[in-house]
1. Kirkwood-based Rg over Rh for segment 43-114 (C-alpha set), two decimals?
2. Evaluate the charge dipole of the chain about its Cα centre and quote only its size in Debye, nearest 20, assuming +1 on the Cβ of each Lys and Arg and -1 on the Cβ of each Asp and Glu.
3. So which aspartates and glutamates can LYS164 reach, going by Cα to Cα under 18 Å and dropping same-chain residues fewer than 8 places off?
4. Taking R0 as 45 Å, what's the FRET efficiency between LEU121 and ASP45 from their Cβ-Cβ distance, rounded to 0.05?
5. Using packing as a proxy for protection, rank 271-281, 380-390, 9-19 so that the peptide with the highest average count of other Cβ atoms within 10 Å comes first.
6. Find the accessible area per residue for segment 275-402; the probe is 1.4 Å, ligands and nucleic acids are left out, and the unit is Å².
7. Need the list of lysines near LYS214 for cross-linking: C-alpha distance under 21 angstrom, and skip anything on the same chain fewer than eight residues off.
8. Out of every Cα-Cα pair in segment 5-143, what percent are more than 22 Å apart?
Amino acid sequence: MKILIVGGGGREHAIAWKLAQSKRVDKLYCAPGNAGIVDVAECIDIKAEDIESICKFAKEKEIDMTVIGPEVPLSMGIVDALEAEGLKAFGPNAECAQLEGSKSFTKSFLAKHKIPTAGYLEFTDKEKLKDAIGVFGYPMVIKADGLAAGKGVVIAEDAVQAEKAIEEMMGDRVFGSAGDKVVVEEFLTGIEASMLCFVDENSIVPMESAQDYKRIFDGDKGPNTGGMGTYSPSLIFTDELKKQIKERILQPTLKGFQEDGLKFKGVLFIGLMIGEDGPKVIEFNNRFGDPETQSVLSRLETDLVDIFESVINGTLKEQPINWSSKKAVCVVLASGGYPGSYEKGKVITGLNEVDEDVIVFHAGTKFGQAGNNEILTSGGRVLGVTAIGETHEEAKKKAYDNVKKINFEGVQFRKDIGIIHSLE
Ligand code: AMP
Ligand code: GLY
């Protein structure tokens, strides 16, 4: 089989790494890929959002399956475009991709199907929204409706902060049209956790769990990031909690998709708040999480091609999915200054010194000048050092022992990934 992966981050490296292990794969391509993905796939110089060129490439090369990593091409309708050419794609169509692309779409879906979530109101008029400041008390959760690269959510502590956020979203339009509609929510308290599920028209199958560390600094301090590390399985998901999630969230979500004619296929990533009255949905994403995928797929024993194919064919229900009982820890190395502004082009050293059984998934990396084999930083999150062990403790030690071997100017990483502080 010939498979094309769309994207170029740590998540796509993990997907490519896993697909490359399949005996069914003859050729793997990745558009655009990065300096680590080249080890397992041929990287093509096409941007993930350049749908026209991706379709043209997939057609010319007679690609059997295109796997889409990031949310932006999904929302732009890449799956619809590929399918219109008679090509197979793993990921939701544009209609279903609204579950991540529009907060208001998701909130009305959740409300309609009585799936537990925060109470909300939505606004398209800035003055009406300002009149509603404090409706749910404080902190006030203010969200740009559309995609905003993970930056569209503001938790305002008081009316002054709320007014500033509203002015930025709707007045200055810092997120462009993504902020033309704004959703205001009740503030939920509890423990945050995420659950990734494979979904086709007939079933929704949770993967092994992973715990993400979203804040930049140890002890969950500082601003939110795309994710600074993960461990899997997450210890938060007790059998009782899994049962509640299945009954209150997964089953009604699948039923809701079927009732609303949403033919979702791909990965549904459910952001949850586990509070005193049980799990509630914070958000849906319509793709694998990054860096959740790095630790989850490193524990997958089943051929990922078989799973993707079953989702595309609507036979996920019959597809066995086996996971290793081992534990995984992924520590993200980020550029100095991230998630604020940061410099790129720093030389990365030590990559060749990493233990053989530790996987370094590349995110923002690129090659230096031709011929010198240097690998340079080219993004906020640069690498995800991922280790497997019999226990969380062993995986964590192995990951950090290898993190120490890698360096670049300004490197920052959390020292507490895999420490189960969230349960306290
Ligand atoms: P989202 O992009 O919707 O996942 O929001 C980003 C982050 O904001 C989440 O991971 C939560 O930490 C926080 N958040 C979003 N909505 C709420 C809410 N209703 N209550 C409390 N925290 C929230
Ligand atoms: N790690 C969070 C995300 O992928 O959205």
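1. A ratio of 1.07.
2. Computed charge dipole of the chain: roughly 260 debye.
3. Within the straight-line limit of under 18 Å, LYS164 reaches these aspartates and glutamates: GLU122, ASP125, GLU127, ASP131, ASP145, ASP172, ASP180, GLU185.
4. Numbers: r = 45 Å, r/R0 = 0.99.
Efficiency, rounded to the nearest 0.05: 0.50.
5. Result, highest mean first: 9-19, 380-390, 271-281.
6. Here the per-residue accessible area is 41 Å².
7. Excluding near neighbours in sequence, the set is LYS103, LYS143, LYS151, LYS280, LYS327, LYS396, LYS397, LYS415.
8. Pairs farther apart than 22 Å: 51 percent.
The values are calculated or read from the model by the stated rules, or taken from the named source; none is laboratory data. Here the structure is a predicted model, which means the values were calculated and not measured. Cβ coordinates were reconstructed from backbone atoms using ideal geometry, including for glycine residues, and neighbour counts include every protein chain displayed. For the accessible areas, the whole protein counts, side chains as well, though only heavy atoms, and no ligand, DNA or RNA atoms are used. Shrake-Rupley method; radii C 1.70, N 1.55, O 1.52, S 1.80 Å.
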